[in-house]
Amino acid sequence: MILKRPLLSLLCAIAFVIMLGPVVILLGVAFTAGSTLTFPPEGLSLRWFAAAAAYRPFTDALVTSLVIGAVATLAALALGVPATLALQRGSVPGRALVENLFMTPIIVPELVLGLALFQQLMVGLHITALGTLIIGHTVLLLPYTVRVVGASLALADPKLEEAARGLGAGPVRTFFTVTLPVMRPGIVSATILAFITSLNNVPLSLLLTGPGVATLPVEMLNYVQSSFDPVVAAVSVVLLALSVGVALLTERLVGFNKVFGR
């Protein structure tokens, strides 16, 4: 196969190097026994993971990121799923315009969105930094939930719900027995995408942090401005492991084939 399509094989190999090369370098730097950000590593050691675990700002920021990611994801789903149902199954005037409005947070630059939220929520309404971060991340994640869940629902045949109602099922029973199972792959996909997006967000979080409240990526950015040791590489590996762990847990509990409707 490789000999028959050498150009395609070469392009695939280059793509894999571009995608996986930085990860390999990151792993090497994180597990190095040396004291600087160098590759290849000067021996293998877990010293930088221990240093990261002992650095209080990183552990506090990790907890903050997990709380914000979980709450914002649940809030985005709580708002996005009903909105998707209304757009896909209801008769919403100007449906195309409303759908485009839901996509605004990922079209507008995050720095602009963050500045607007900062002025309105923290300066205008005096909401705490943690509350503002949760609201800001919810706004940012809402388009993902609406689009992903909407795509899952759009593939479903509305006649299934009509048949359920024709057989005497009420709106609530129809939703839980027919509509929700159809939406389940989209909801799971949206949950994964939203949580990982929140966990790794920098531009929006950078403008909404406050005294004593910062997400892990922002705290890492602050750290590298004054230090050049491999601690940040170790923290990056932890973030990578969390993201991969969410995906593997989904595969274990649900299965990617079910999640993506294959």
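FYI, it's all coordinate maths here, none of it is from the lab. Quick caveat, the model's predicted, so the values are computed rather than measured. All Cβ positions, even for glycine, are placed from backbone atoms using ideal geometry, and neighbour counts span all protein chains on display.
Computed over the range 56-226, relative contact order equals 40 percent, with contacts defined as Cα pairs under 8 Å that lie 6+ residues apart. Each Lys and Arg contributes +1 and each Asp and Glu -1, all at the Cβ; summed about the Cα centre of the chain, the dipole is approximately 800 debye.
Here's the picture: a label point sits 7 Å out from the Cα of Ile106 along the beta-carbon direction, and within the range 118-159 the residues with their amide nitrogen under 18 Å of it are 136-155. For the range 128-251, the equivalent ellipsoid derived from the Cα gyration tensor has semi-axes of 40, 16, 10 Å, listed largest first.
Taking only the C-alpha atoms, wrap a convex hull around the range 53-141 and report its volume per residue in Å³ as a whole number.
116
Peptide packing for 100-110, 45-55 was compared via the average number of neighbouring C-beta atoms within 10 Å per residue; ordered from the highest value, the list is 45-55, 100-110. Ordering Ala53, Val235, Thr174 by the projection of their Cα atoms onto the charge dipole of the chain, which places +1 on the Cβ of Lys and Arg and -1 on the Cβ of Asp and Glu, puts Thr174 at the extreme positive end. Convex hull volume per residue, computed on the Cα atoms of the chain, equals 194 Å³.
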